[in-house]
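Trainee: Please see the structure below; I have some questions.
The values are calculated or read from the model by the stated rules, or taken from the named source; none is laboratory data. These numbers come from a predicted model, not from an experiment. Counting neighbours? That spans all protein chains shown, and the Cβs are built from the backbone with ideal geometry, glycine included.
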Amino acid sequence: MNTTNLMKDEFFAEIMWNIESAIYDTDKVAQKENIILTDSNAKSSLSKAKNIAKKGKLKSTPKNRKEEIIFDLAYKIDGLKTDIREAKDVNTVFEEASVLNISDWLLSLKGVEDSIKLRMISGGRSYLDFLEGFINDGRKKFL
C-alpha cells in the first residue's frame, strides 16, 4: 500500500508523529550513553513493534546495550497504540474514546517505516537527523 499521503491525513499524521517522537526521544537518550543509532536500527524497532502488535511479544532477547535500546523502543512504540485513542469529537474524554483499530495502527507503522526508507542511507542517520526539525515543528501542532 502507498503510504505517501498518510501524513496529509490529520488522524494518521498525529499517530505517526507520536511514533516518530518516540524514535527521536530514544535516539537522544542513546546519544547520552554514547550509543549511536542508525536509520536501520530505527527500522528494526518498527519491525519489532509490528511483531509485538501481531504476536504480543518478541521471541528474541537483546544481546547488548544497543540492542536493549532498540527492543525498548519497539515496546515503547507498541505502548503508544493503547495511549492514542480515536475520538469522535474534541470534547470526548479519553476513557470514552475508541482504542485504535489494529489495521490503522499497522498502517501508521508502515507509513513511518516508508519515511525511514525514503531518507535512509545504509549505515547512516539521514532519517534520524531529519527528525529533529520535524519533531520540533510537530510539537507546535500536536502539543
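Trainee: Looking only at the range 99-129, count how many residues are more than 12 Å from the chain's Cα centre (by Cα) and within 18 Å of ASN5 (Cβ to Cβ).
Mentor: 5
Trainee: Another question about this same structure. Within the range 53-70, take every residue that is part of a helix (DSSP H, G or I) and at pLDDT 95 or above and give me the one that is nearest to the chain's Cα centre (by Cα).
Mentor: Selected residue: ILE70.
Listed here are the residues, each with its yes/no results for (1) under 13 Å from the mean Cα position of the chain (by Cα); (2) closer than 25 Å to GLY124 by Cα; (3) surrounded by fewer than 20 Cβ atoms within 10 Å (Cβ to Cβ); (4) of a type in the set (A, V, I, L, M, F, W, C).
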position	(1), (2), (3), (4)
MET16	yes, yes, no, yes
SER21	yes, yes, yes, no
ASP27	yes, yes, no, no
LYS32	no, yes, yes, no
LEU37	no, yes, no, yes
SER47	yes, yes, yes, no
